[in-house]
1. Mind listing whichever residues of the range 93-109 are assigned to a strand (DSSP E or B), within 16 Å of the ligand (Cβ to nearest atom) and either in contact (Cβ under 8 Å) with a residue 40 or more places away in the chain or surrounded by fewer than 16 Cβ atoms within 10 Å (Cβ to Cβ) (or both)?
2. Residues that are under 30 Å from P102 (Cβ atoms) and crowded, with 23+ Cβ neighbours inside 10 Å: does the range 149-156 have at least one?
3. Go over the candidates M130, M126, M112 one by one and state the one that is free of Cβ contacts under 8 Å to residues at least 40 places away in the same chain, among the aliphatic types (A, V, I, L, M) and within 14 Å of the ligand (Cβ to nearest atom).
4. What's the total number of residues in the range 49-74 that are of a type outside the set (A, V, I, L, M), part of a strand (DSSP E or B) and free of Cβ contacts under 8 Å to residues at least 40 places away in the same chain?
5. Looking only at the range 202-256, count every residue that is charged (D, E, K, R), more than 18 Å from the chain's Cα centre (by Cα) and within 19 Å of V105 (Cβ to Cβ) and tell me the total.
6. So which residues in the range 24-48 are touching a residue at least 40 places away in the same chain (Cβ under 8 Å), more than 14 Å from the ligand (Cβ to nearest atom) and among the hydroxyl-bearing types (S, T, Y)?
7. Considering only the range 77-92, state which residues are part of a loop (DSSP other than H, G, I, E, B) and surrounded by fewer than 21 Cβ atoms within 10 Å (Cβ to Cβ).
8. Name the single residue, out of those in the range 38-76 being of a type in the set (G, A, S) and crowded, with 16+ Cβ neighbours inside 10 Å, that is farthest from D114 (Cα to Cα).
Amino acid sequence: MTTPRVAAIHDMSGFGRCSLTVAIPILSAMGVQCCPLPTAFLSTHTGGFEGFTFLDMTDEMPKVADHWASLGLTFQAIYSGFLGSARQIGIVEDFIRRFRRPDTVVVIDPVMGDYGRVYQTYTAAMCDGMARLAELADVITPNLTEAALLLGQPYDALPAGEAGLRQITERLSLEGRRSVVLTGASLAPGQTGAVCYDARTGRTQVVQTAYIAHEFHGTGDVFASVLTGALVRGSALADAAGQAAEFVRACAQRTAAENLPMREGVDFEPLLGLLIPGKETV
Ligand code: PXL
């Protein structure tokens, strides 16, 4: 298999293990070339640190896209996440229109919030723009907070239980036009995982794994990065979500056992070997 190539449009946070500092090593371990298109450079992520720096890369992004186009680069996936400004929505839309080919999978992680709250740097205009951008996706990977924002519904009013989670997932599919992997979906106490609507088959499947009773920053980014790597390597949606859920579980279990601070993310580096093709058993 020739090495698949992914354009990864996320921020680079120097400390705290999320976005590009997660996507690059995970995709590399999976045998996938990651080409970062940074949306912002921060000293740390915005969840749990005071006084972080924030360098907006909006003006740089179209120049990078122009140079990549002049080189004739092609991508098997375009994978976007945390955006740094409302103007970046249009820039990412242009990037997708320009670089999408028949074999390109467009994965949009509509990063906007968690635990029912919107992230500090996200404005209402950015959330509206994210919903528009996500219409271009082949696959979206919202958590429940982001699902509520995309559906324009209060977080507390989301339907619960398996039937409710399936309903949320299917409503997010835009009448079956895009695949949806709803993350942080728990069907029973002690379990967590994802509900997956696969636009290719029209089926909704549930993936569950053991829930580690500790929350860590950046697990959504770990999940979406493994999912993207597995999709470009040819996995079906629910299998890719299963691999992602198991890897997040293994990382959370290790990090909880070490009692590491939530804001530092999951201690995934020692587990990267589990993602190397041929050694996928977590
Ligand atoms: O994990 C999502 C994320 C990505 N990037 C930055 C963040 C967050 C969530 O807080 O702050 C900079």
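Any read-out appearing in this document is the output of simple, stated calculations on the displayed coordinates, not a laboratory observation. Keep in mind that this is a model prediction, so the values were computed, not measured. Positions of Cβ are generated from backbone atoms using ideal geometry, with glycine treated the same way; all protein chains shown enter the neighbour counts.
1. Scanning the range 93-109 gives a single hit, V107.
2. For the range 149-156, residues under 30 Å from P102 (Cβ atoms) and crowded, with 23+ Cβ neighbours inside 10 Å: absent.
3. M112
4. Total meeting the criteria: 1.
5. 1
6. Residues satisfying the conditions do not exist here.
7. Listed by number, the residues that qualify are S85, A86.
8. Only one residue fits best here, namely A65.
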